[in-house]
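The values are calculated or read from the model by the stated rules, or taken from the named source; none is laboratory data. Model, not experiment: these values are computed from the prediction. Note: ideal-geometry Cβ built from the backbone for every residue, glycine included; neighbour counts use all protein chains shown. Quick note on the areas: whole protein, heavy atoms, side chains included, nothing else; ligands and nucleic acids left out. Shrake-Rupley method; radii C 1.70, N 1.55, O 1.52, S 1.80 Å.
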Amino acid sequence: MSLSVPESTGGPERLLRAAQPVPLDELDYLLITALQTSPRAEWAQIGKALGVDASTAARRWNRLTEAGHAWLSCYTVAVGPTVPVIAFIEVDCAAGALHEVAAEIADDPHLITIEHVTGARDLVLTAAFPNLAALGRYVGFRLGRLPGVSATRSQTATTVHTEGSRWRLDRLAPGSQDLLAKERDPAPPRRGPAALDALDARLYLLLSEDFRQPAARLAERLGVSPTTVRRRLDRMHRQDALIYRCEVARCLSGWPVSVTLWGIAPAADASRIVSQLIRMRETRLCASLTGPHNLMLAVWLRSAEDIGAFEARLADRFPELTVADRAVTLWPLKLAGHVLDPEGRHLRGVPVTFWDEPVAEQAEDALLERLRGGPAGPAAG
């Protein structure tokens, strides 16, 4: 398994492309914003909001996706009657092993985000699990056994206040926004169906490929009626089981610097602070955590020079909030279930599902059998 990157001619040309990404034009930015605002809107509706015809909007979008400059994602972590566990896992790697570790775990389906970062950890993973036992199993019997992993540290989110599906380029004028479908803001999934049956699972995989496929096309591929597809989609939407996202390559977004901050907020002030943080233009993720740092904030900034200025704004607005640590993303290896190149351009998708690995389960069963047996060797005196 490897993290593949697009072929290039190498040499100075490749360095020039990395330093100077081909910019998007204004219509591209408007189109991305429209799809962030209403990801499932018809092309005719999107074209009307942008002042172009439907075919132009669709053609532009195809060009963006083929170049890896923008893409759509659909995923769910809501399966079962309980709230899923969202975990943030820090990974330390042995010297020279970071990329091998990243390549090994890139297809782990429950890893929503993988970031190579600066600071006191090498990788930061965002993952979803059905329960705490599954998190412990993954850390202990999967990550902990990889040859290149030297240490891991995990925290769970008590609440995810906002995440990347709510972030917008905000290029559309208010009038154009009004022309798009009024969809409620996406939210982290809460409780999904008791279980996905075989047809649900097949439908979800097709949505992961392209959730803008019409119901008739989905029905044809599934071998069922369009009515059946629409009924199942309606149920998933009622249960908040699906998250739709439109993403743009970070190097082309106008917000090329991604920073994760870990903070400590007094319990009495946390709710007020969070309510303002999630409204800040730069915020991509805000979560309350277990562990020594009770708040995590991921932001996109215009430049590295803005890091100090952003923290100064936080200190001015929230003097009671202590920023205890920070990390700058060097390579967003995976975002919302999609593998990216070092500049944040799209390579391929990995459908997001809960992790299930027989080898890890067998290792856990062997440990349980050992624990049941008590101490080995002569009985303790």
* Pick from Ala49, Ala268, Ala363: which is most flexible by mean-square fluctuation in a GNM of the chain where alpha carbon atoms under 10 Å apart are linked? -> Ala268
* What is the magnitude of the charge dipole of the chain about its Cα centre, with +1 placed on the Cβ of each Lys and Arg, -1 on the Cβ of each Asp and Glu, and no other charges, expressed in debye to the nearest 20? -> 1000
* Taking the chain as a Gaussian network, where each spring joins two C-alpha atoms under 10 Å apart, which residue of Glu357, Glu42, Glu100 fluctuates the most? -> Glu357
* **Principal axis box of the chain, alpha-carbon based, largest edge first, Å** => 84, 55, 53
* **Whole-percent carbon and sulfur share, accessible surface of the range 53-114, 1.4 Å** => 55
* Highest first, please rank the peptides 114-122, 298-306 by the mean number of other Cβ atoms sitting within 10 Å of their residues. => 114-122, 298-306
* Given springs between every Cα pair under 10 Å in a Gaussian network model of the chain, which of His293, His110, His346 has the largest fluctuation? -> His293
* To do: Please list 29-36, 92-99 highest first by mean number of surrounding beta-carbon atoms within 10 Å per residue.
  => 29-36, 92-99
* Set Lys and Arg Cβ to +1 and Asp and Glu Cβ to -1, take the dipole of the chain about its Cα centre, and tell me which of Val323, Pro292, Ala173 lies farthest positive. => Ala173
* Name the long-range amide H neighbours of Ile112: under 5 Å, sequence gap of 5 or more, or other chain; modelled H, no Pro or chain starts. => Thr126, Ala127, Ala128
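What number comes out for accessible area per residue over the chain if the probe is 1.4 Å? Units Å², please.
47
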* Asked: How much solvent-accessible surface does Asp107 expose, in Å² to the nearest 10, with a 1.4 Å probe and all protein chains in place?
  -> 50
* Ranked from the most accessible area to the least, with a 1.4 Å probe and all protein chains present, what is the order of Thr152, Thr227? -> Thr227, Thr152
